[in-house]
Each structure stands twice: as C-alpha cells, then as structure tokens.
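What follows is calculated from the coordinates using simple rules that are stated; it is not laboratory data. Model, not experiment: these values are computed from the prediction. Neighbour counts are summed over all protein chains in view; Cβ atoms, including those assigned to glycine, are modelled from backbone coordinates with ideal geometry.
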Amino acid sequence: MRKLFDFHGGIHPPENKHQSLSEPIRPAGIPRELVLPLSQHTGAAAAPVVRPGEQVLKGQLLAAASSLVSAPVHAPTSGTVSAIEERPVPHPSGLSAPCIVLECDGEDRWVELPAPPADYRELEIPALLERIRDAGIAGMGGAGFPTAVKLTSGTHHHIDTLIINGPECEPYITADDSLMRERAADILEGVAVLRHILRPREVLIGLEDNKPEAIEALRHAIGDQPVEVVVFPTKYPSGGEKQLIEILTGRQVPSGGLPADIGIVCQNVGTAVAVRDAVVHGRPLISRITTVTGEAVARPGNFEVLLGTPMHYLLEQAGWDPTRSGRLVMGGPMMGFTVPHPEAPVIKTSNCLLVPTEKELPSPPPAQACIRCGLCAEACPASLLPQQLFWFARGKESEKLEQHNLFDCIECGACAWVCPSHIPLVQYYRAAKADIIQQRRDHEKAEHSRLRFEARQARLEREEAEREAKRAARKQAAEKRAQAAAAEGGEDPIQAAIARAQAKKAAQQQAPEASPEEKAAAARQAAQAKLAKMQKRLADARAAGEEDKIVTALEASVKKLEEKLASLEEPTA
Amino acid sequence: MKLLRVSSPHAHGPNSTQRVMQQVLLASLPGVFVLTVFFGFGTLVNILWAAVVALACESLALWLRKRPLGFYLGDCSALVTALLLGIALPPYAPWWLIAIGVASAILMAKHLYGGLGYNPFNPAMVGYVVLLISFPVQMTSWAPPRGLTENVPGLLDALRACFLPGQFDAITMATPLDVLRQNSGLMMDDLWAQAPQFGRWAGIGWEWANLAFLAGGLWLLYRRIFTWHAPVAFLASLALMAALFYDGGSSASGGSPLFHLLSGATMLGAFFIITDPVSSAVSVRGRLVFGALIGILVYLIRAWGNYPDAVAFAVLIANLCAPFIDHYTQPRTYGHRPPAREDA
Ligand code: SF4
Ligand code: SF4
C-alpha cells in the first residue's frame with residue numbers, strides 16, 4: 001500500500017453527485033449554431049484563419065494559435081462561418097469576446113484528417129508535442145492551460161512523477177467520473193502517450209474513494225501497465241493540483257513555482273483522452289464531456305457536447321425549466337462562476353453546468369461580523385489565515401495582504417463555506433488580488449513613464465552638450481587657422497592682415513564668454529526660455545490629462561528651473 | 001434573458017454565528033444547574049437579569065449606531081456575554097451591580113470598539129474587572145454552598161436579594177481559593193481538615209460546578225465549536241504551575257494541581273471564556289501560546305495576587321498580547337518556508 005499524505009484543512013460539503021450519474025454519457029446533438037470563442041484557454045487568443053461566408057468541414061482549423069501560449073480552434077461540425085463577432089462568453093467577468101459563429105449544416109462531414117502515424121512511438125517528441133498543440137488541447141479540468149505548453153516545460157525538467165488528476169472533488173460534477181467509468185481504456189491510451197513524452201519514473205492516477213466504479217474500470221484497463229491507481233479519502237479540495245500533489249507525494253509545489261519544478265506533471269483525465277484522440281487518431285479537440293445538473297433540470301447527466309454549443313441548448317437537452325432557477329453556474333458550486341447569458345457557449349474548460357434552485361443552493365444571507373472563530377483557517381488547504389486576509393482586504397492593506405500570502409490562495413471557497421458569519425471571503429480576496437495586480441501595473445507604468453521622461457531629459461542634455469562641443473571645436477579650428485595664418489604672416493602681408501582680422505574676430509567671438517556679466521545674462525535668458533518651454537509643456541500635460549507621474553515630474557522640473565533662474569538673478573540683483 | 005451573477009462559492013455549510021452562540025448557551029446548562037443546586041437560585045437570577053440588561057444595552061447601542069436591530073441581536077452574542085457575567089458574579093448580587101457590569105461589557109468593551117468582532121478584550125471579563133475594582137466588597141462575598149448552610153436561598157429569596165438588596169441579608173463565606181491564599185502555617189492536609197469549605201478534590205460545590213462546565217466544554221469540542229488548543233494549553237499550564245509550586249503539601253504550598261483545575265472559574269474560563277474567538281489569538285499555534293499564557297497568569301495571580309479569582313485579569317492581559325502572538329505564530333503557507341517576519 002502506498003503511503004498517502006494529507007493536506008491541511010479541507011471540508012466535506014454534500015456531494016450531490018448521484019443525480020448526474022444515473023445515465024451513461026449522452027450525445028448532446030448538433031445545435032443550429034455554434035459559437036466558438038477565440039480564447040477558450042489561458043494565454044493569447046487564437047487568430048481566425050477563415051472568413052465569414054466560408055464553408056468549413058468538421059475538424060477544419062478555424063483559428064490558429066497566435067503565440068507560444070495559445071491554442072487553435074477547430075470546427076466541431078461542418079457548416080458555414082456566419083460571422084466573427086463579439087458574443088457573450090463564459091468568463092467570470094460576464095463580458096463578451098470575439099467568437100467565430102458557425103452555422104451548422106447538420107451533415108457533420110469530416111475534413112480529411114492528416115493520417116495518424118502507424119505508431120506514435122516512432123515520432124520524435126517535438127513532433128508529438130506539435131500534434132498536441134495543433135489539436136488545440138487545453139487543460140480540461142477547468143484551468144485551461146494549453147497542454148502542449150505544460151508538456152513542453154515538462155520535457156525540460158526531469159519528471160519523476162506523472163499524476164493523472166481524477167478526484168473531481170467539487171460537488172455535483174461527474175464528468176471525469178463518467179469518463180473513467182465508460183472510457184477507461186481511452187484514458188489509459190492517453191496516459192501511455194503522456195508517459196512516452198515525459199518518461200516519468202512512476203505514473204499515478206489519483207482518485208477519491210467515492211468512485212468505486214471508476215476505480216474498478218481503471219484498474220481493469222491498466223492490466224499490467226506500470227500505472228498505479230491511488231485511492232484516498234474524499235475531502236474537498238483534493239482535486240486542486242497542489243493538494244493532489246501533496247496527497248500523493250507529500251511534497252509541496254513551491255509558492256509561485258510549477259509542479260515541474262519538483263519533478264511532477266499533472267494532467268486531467270479528460271485531457272488524457274484528448275491527447276489520445278490527437279495523437280492516435282489525429283483528431284483535434286472539438287467536443288468534451290460536460291455534466292448538466294441541478295434541480296432545475298429534469299434529467300441531469302453527462303453529455304458529450306460539441307464545443308461552442310450554446311448553454312441553453314445543452315440545458316434543454318437535459319430538460320431545463322428556466323423558471324426554477326435564477327442562476328447558471330459553469331463549474332461546481334465551490335469554484336464555478338455564474339454565467340449571466342445562457343446563450344454563452346460550452347468551451348474547452350466547461351466541465352459542468354449547474355442550475356440549482358434557490359432551495360437547493362440558497363443565496364447567502366447577509367454577512368455578519370467576523371467573530372474570528374478561526375474555522376476558516378482550519379479549513380484552508382493553503383494554510384492561510386483567511387480571517388486576517390479578510391481584515392486586511394477590507395482595510396486595503398496590500399503590504400499586509402502580500403505578507404500573509406494572499407497570492408497563495410487558490411480561491412477554493414472552503415473558508416467561505418465554513419464561515420458561520422456567511423462572509424463572502426473569496427469575493428474579497430479576488431477583489432484584493434485584482435487591486436494589487438492593478439497597483440503593480442500602475443506602478444510599472446509610472447515607472448516606465450518616469451524612465452521615459454528621464455531618458456528624454458538625458459537625450460536633450462546630451463544633444464545640448466554635443467552642440468556645445470561642436471561650437472567649441474569650431475572655435476578651436478578658427479583659432480588654429482588664425483595662428484597658422486599668423487605664422488605665415490611674415491611672408492605675406494595680405495595674408496597677415498586677413499589673419500589679424502580673423503584673430504580679432506575670434507577674439508571678439510571669445511569676448512562675450514569671457515565677460516561674466518554677459519555670460520550671466522545669457523544664462524538667464526536661456527533659463528527663462530527653458531522655463532517658459534517647460535511651463536508650456538506642463539500646461540499641455542495637465543490639459544491633456546496626462547498621468548500624474550508625468551505631471552509631477554514636469555512640475556518638479558519647472559520648480560527646478562525657477563530656482564535656477566532665481567539663483568542666476570540673485571548676484572546681479 | 002439575464003441571470004443572476006454571484007461570486008463563488010455557491011454552496012455554504014450549515015454553520016452560523018447564531019448557531020455557535022446558541023450551542024455555547026446550551027453547553028453552559030449543566031454548570032449553571034450545579035451552581036444552582038449548591039448555591040441556590042442566585043446565579044440563575046444573575047443570568048436572567050444580566051440577559052435583560054444585555055439585550056437592552058445591545059439594542060440601545062445598535063440604535064445609536066443606526067444598525068438594524070433584529071439582524072444584529074440575532075447573533076446572540078450579547079446573551080453569551082450576559083451568561084458569562086451572570087455566572088462569574090457572586091450569586092445574590094444586587095441588580096445595580098449586575099447592570100453596571102453588563103453595561104460596561106456591552107457598551108464600553110464591545111460597542112465602543114466597533115461591535116462584535118472588533119473588541120480586543122473579552123467584554124464579559126471587562127465588565128467583571130470594572131466591578132471588581134469599583135465594588136470590591138460586593139464582588140468578593142460568595143454564598144456558602146449547600147451542606148454548610150441549612151437554608152440555601154430559593155427563587156423568591158434570590159429575586160429579593162437581587163431587586164430589593166436592602167431587605168436581604170446574604171450569608172457569605174470565604175471561597176476555598178480565599179482560604180488557601182490566607183492560609184498561614186497549616187499543612188495542606190490540616191487545612192483541608194479544618195476549613196469546612198473543602199470537599200473531595202477542591203471546594204464543596206465548586207468541584208462539581210467545574211466538572212459540569214468541563215462536561216459542557218467537552219460537548220462543545222465534540223461539536224467542533226472551537227478547537228482544543230487554547231483550553232488544553234490553559235489547563236495544562238495551570239496544572240504544571242500548580243505542580244511546580246505544590247511543595248508536597250507543606251504550609252507554603254500553593255494547592256494541588258487538581259485543586260486548581262477544579263476551583264474558581266477554571267473550567268468556565270477554559271471552555272467558555274478563553275475560547276471567545278474574537279479576543280483570542282487566531283492561529284492554532286497562537287492559541288496554544290494564548291492558552292498557556294493564561295494558565296501561567298492565572299496561577300501567578302491566584303498565588304500572589306490579591307483578588308478572589310484570577311481568570312478575568314489573566315484573560316484581559318492575554319487579550320492584550322494576542323496581536324503579538326498572532327504576529328509571531330503565522331502558520332506556514334503551502335509551498336512556503338516558515339514565514340519571514342519583519343522583525344521589530
Ligand atoms: S470563519 Fe468567518 S467568522 Fe470565523 S474567523 Fe473566519 S471569517 Fe471570521
Ligand atoms: S479560498 Fe483561499 S483562503 Fe479560502 S480556504 Fe481556499 S485557499 Fe484558503
């Protein structure tokens with residue numbers, strides 16, 4: 001028996017998983033229209049390669065990865081691109097984003113796929129990674145990080161453990177569970193590909209002990225492959241990547257670091273299947289398993305959904321009664337976010353649509369004062385002090401927040417779940433994080449503009465100095481000429497006369513600089529001119545509503561010039 | 001169609017502040033019962049009158065601060081304060097004494113600091129100490145337990161003692177802790193034999209009251225209303241201090257560990273007072289330190305101080321230290337080395 005570890009805290013919310021497990025995975029069918037956001041993953045949005053009006057076939061590339069951390073988008077079925085426009089997308093912000101809209105023709109005709117290799121093991125690793133990238137796979141557990149990027153960084157480290165994430169600890173969600181029950185062999189095929197790429201010392205599939213069928217199916221599918229199913233007690237959030245790693249290995253991912261830093265790569269079971277489809281069958285990621293559950297649907301269950309399917313279409317497949325629920329949550333009840341527009345599409349990270357009735361998941365009562373009972377700290381899987389974070393978040397004490405490791409909060413919601421005063425703690429942390437990130441950005445920007453301003457000042461000064469140097473050089477040259485002429489003068493009186501004249505001129509040229517009074521006057525004039533110019537720039541900056549930093553810098557310069565001017569005027573006054 | 005937008009988590013545990021407070025009230029019942037059996041109805045009247053005053057003060061403060069009454073009264077925290085003060089005050093205390101204590105607790109120690117959750121000191125203990133300093137005579141007269149007096153006052157007597165204090169002649173008697181403090185020259189065993197106040201392990205009545213509060217406290221622990229850290233650290237350090245100074249039961253002895261564990265407000269303090277979350281340290285390690293500190297202070301004050309019981313002072317001093325304890329006991333966050341402190 002493998003030694004298991006425990007992570008700090010955790011909670012045991014009611015699981016509510018049986019509702020969606022009564023039936024096997026159902027196909028959701030082809031809706032009239034699919035809406036494919038260009039950004040369904042973490043990283044840069046994909047760039048469209050089709051134009052409105054274009055006919056496309058199932059599996060055809062619609063948008064290509066635009067940078068290293070990005071993922072392409074493919075057509076989930078055949079049809080016509082009807083528009084590329086802003087549509088509501090499932091995102092915590094509730095905003096719209098650019099999407100490719102596909103009018104489905106219902107024929108579901110495949111594009112001709114590149115023939116998969118007879119044996120992927122004969123391909124070079126980079127070629128395999130290329131295939132995974134081209135298939136548009138992004139972490140399907142919810143985070144949506146492009147899988148190829150994660151794997152590539154894995155190949156740069158020595159990986160000793162590959163962990164397949166299967167606890168699915170959030171209440172209600174059973175997408176991974178049903179996948180493990182019904183398609184264990186596919187998962188194992190995907191795991192074999194990952195194993196081939198990463199060459200880990202061991203491969204662990206982590207599961208909570210509330211999924212006996214899945215455990216059985218996986219063990220059966222493994223046969224004699226060197227993959228171990230590790231079962232541990234059910235506790236939320238055991239499916240958090242960091243928590244799962246701690247449970248299985250006893251090691252902690254360093255704050256701000258990646259699992260690869262400690263020789264671990266984690267992949268979700270859904271991702272493993274997508275990798276298998278991409279590498280073994282050459283199919284891009286165009287569908288996923290999504291749980292549809294909550295008391296507002298008559299027939300909850302798991303669906304195989306084409307990406308881009310509008311949520312209301314999917315909900316209707318499960319017998320949605322919109323009058324029974326005022327809330328649509330993408331993800332689980334602990335970490336999911338509400339989607340205000342049911343026409344928003346299912347995307348690569350949509351593991352669950354939850355439509356609870358008010359009775360089922362009541363809206364929180366008004367928050368009471370924090371009584372510092374410490375239940376939140378006991379529940380926090382990151383060993384934070386949520387009550388202190390809450391205190392500092394309300395006081396907007398960024399420094400204290402960072403000192404108390406706000407950024408190690410994984411927003412699992414365990415603290416808010418146990419809080420007897422019903423304080424929406426996570427909401428405060430999100431806001432505080434956003435604030436601090438904004439502050440950092442502002443600071444960077446201000447720093448940037450300060451540097452720019454200083455660089456400009458330096459350039460002006462340098463140019464001034466160069467001009468000065470040139471003037472001096474010219475003068476010297478003139479003197480030299482005069483001297484040379486004087487030296488020759490003995491022989492040629494005319495030349496000498498010219499030389500004398502030149503020398504006189506040179507002396508005259510030199511004279512003003514020699515006279516202290518005139519020099520001061522000139523300096524004063526120059527300073528006045530500079531001041532006037534600077535004042536004008538300041539006024540312009542103010543009028544243009546420039547950033548504070550620039551205005552302050554300009555103000556400072558004006559003040560300096562004024563002082564300089566005053567000091568210049570003093571001796572003569 | 002537009003749907004609701006709310007932040008996660010969307011599920012919430014069954015816990016509520018109200019429920020926490022109600023369970024604390026419930027858990028005190030055995031202790032209150034034992035006190036009533038041994039010392040008569042005084043404690044019960046104390047509690048009830050304190051509750052009335054507490055609710056009135058709370059309402060007044062909320063009204064002055066323009067807060068919704070029903071919502072804030074619902075957290076029952078004022079009742080818990082009243083309960084603790086009612087138990088801590090001597091039975092048959094006059095109504096005005098209780099009223100002053102409760103008013104100081106609720107108005108001064110709680111609402112002046114911003115209400116529940118913001119008070120750095122335990123309100124009930126502030127009320128207690130205010131009274132102890134202002135009215136030492138009334139505060140140090142404790143009734144004799146059943147067995148040492150024929151007529152333990154009934155409900156009517158208790159009401160009379162409270163509301164018509166002039167018409168009631170309370171019989172009082174030194175508490176076992178007083179007897180021990182004033183002991184000069186007697187070996188422990190002799191003292192035990194001579195002074196009538198002593199029972200099997202500690203004072204008559206007191207030992208059972210303490211055991212009853214212990215039982216209530218264990219139930220609260222079982223219900224996970226608080227964690228074991230502060231109470232256990234407190235009891236352990238108190239017992240350790242007592243053991244250190246037990247001195248084999250000589251005439252200079254400070255009393256046995258068992259005596260200290262079952263005397264005065266020890267168990268009430270351990271499970272009902274120092275577990276007040278608001279004014280204690282926050283982390284697990286912090287609460288260990290917090291509890292241990294109180295244990296040491298209680299012993300020091302009992303042995304060398306001049307007050308009938310030490311829990312109130314010890315708790316207030318520890319409240320004062322709580323922010324420092326917090327600062328030095330920040331837990332190690334996942335993925336971090338022990339937290340770096342900006343050392344003062
Ligand atoms: S659980 Fe809620 S009330 Fe208790 S300390 Fe944490 S934030 Fe405060
Ligand atoms: S949401 Fe953050 S602070 Fe709260 S329990 Fe989870 S990790 Fe801890």
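What the table below lists for this structure:
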read-out: Violating pairs (Cα-Cα greater than 21 angstrom) within the set A:Lys17/A:Lys211; A:Lys445/A:Lys533; A:Lys536/A:Lys564; value: A:Lys445/A:Lys533
read-out: In Hz, Karplus ³J(HN,Hα) per residue of segment A:178-195 (6.51, -1.76, 1.60; θ = phi - 60°; x = Gly, Pro); value: 5, 4, 5, 5, 9, 10, 4, 5, 4, 4, 5, 4, x, 4, 4, 4, 4, 4
read-out: Between segment A:175-213 and segment A:271-327, the Cα center-to-center distance that results, in Å; value: 20
read-out: For B:Trp95, B:Trp206, B:Trp228, order by how many other beta-carbon atoms lie within 10 Å, fewest first; value: B:Trp228, B:Trp95, B:Trp206
read-out: Full-extension gain in nm, A:Arg474 to A:Glu23, via 0.36 nm per residue minus C-alpha separation; value: 153.0 nm
read-out: Förster radius 35 Å - calculated FRET efficiency between B:Leu29 and B:Tyr118 (Cβ-Cβ, nearest 0.05); value: 0.75
read-out: Taking only Cα atoms of segment A:133-268, radius of gyration then Dmax in Å; value: 13.9, 38
read-out: Value of relative contact order over segment A:366-489, rounded to a whole percent, pairs C-alpha under 8 Å and six or more apart; value: 23
read-out: Additional length obtainable on full extension of the chain from A:Ala521 to A:Ser449, 0.36 nm per residue less Cα span; value: 22.5 nm
read-out: Trypsin sites (Lys or Arg not before Pro) restricted to DSSP loop in segment B:30-113 with at most 10 other C-beta within 10 Å; value: B:Lys66
read-out: Sorted by Cβ neighbour density within 10 Å, fewest at the top, the residues B:Cys321, A:Cys376; value: B:Cys321, A:Cys376
read-out: For segment A:259-267, 3J(HN,Hα) per residue [Karplus equation, 6.51 cos²θ - 1.76 cosθ + 1.60, θ = phi - 60°, Hz, x = Gly/Pro]; value: x, 4, 4, 10, x, 10, 10, 10, 9
read-out: Residues with amide H under 5 Å from that of A:Val346, placed H, sequence gap 5 or more; value: A:Gly308, A:Thr309, A:Met311
read-out: Estimated vicinal HN-Hα couplings, Hz - segment A:415-427 in sequence order (Karplus 6.51, -1.76, 1.60; Gly, Pro = x); value: 5, 5, 5, 8, 4, x, 9, 6, 7, x, 4, 4, 4
read-out: Mean-position separation - Cα centroids, segment A:434-482 and segment A:13-86, in angstrom; value: 51
read-out: Kirkwood estimate for chain A, i.e. one over the average of 1/r between Cα atoms, Å; value: 28.5
read-out: FRET efficiency, 1/(1 + (r/R0)^6) with R0 30 Å, evaluated for A:Ala431 and A:Arg32 via beta carbons; value: 0.15
read-out: 5 angstrom amide H check on A:Met334, placed H, neighbours 5+ away; value: B:His10
read-out: Förster-model FRET efficiency, 41 Å R0, A:Arg456 and A:Glu130, C-beta, rounded to 0.05; value: 0.35
read-out: Segment B:13-174: relative contact order in percent, alpha carbon pairs under 8 Å with at least 6 residues between; value: 28
read-out: Candidates per trypsin sites (Lys or Arg not before Pro) in segment A:294-391, loop by DSSP, up to 12 other Cβ within 10 Å; value: A:Lys359
read-out: Label point distance in nm, A:Thr552-A:Asp442, each placed 7 Å from Cα along Cα→Cβ; value: 1.1
read-out: Hull shadow area, averaged, segment A:366-489 [alpha-carbon convex hull, nm²]; value: 11.3
read-out: Kirkwood Rh in Å, taken over segment A:529-569 so that all alpha-carbon pairs contribute; value: 10.3
read-out: Amide proton proximity set for A:Ile11, modelled H, under 5 Å, gap of 5+; value: A:Tyr236
read-out: Rough spin-label spacing in nm, given labels placed 7 Å along Cα→Cβ, for B:Ile133 and A:Ala83; value: 7.3
read-out: Sum of -39500 (n - 2.57) over DSSP H runs of 4+, divided by residues of chain A (222 nm, nearest 500); value: -14500 deg cm²/dmol
read-out: Mean shadow area of segment A:8-81 over all directions, Cα convex hull, nm²; value: 8.7
read-out: Per-q log10 I(q)/I(0), segment B:13-174, q = 0.10, 0.12, 0.14, 0.15 Å⁻¹ (Debye; single scatterer per alpha-carbon; no solvent); value: -0.37, -0.53, -0.70, -0.79
read-out: Counting DSSP beta bridges with both ends in the protein assembly as shown, the antiparallel % (nearest 5); value: 60
read-out: Normalised per residue, the volume of the convex hull around the Cα set of segment B:97-142 (Å³); value: 61
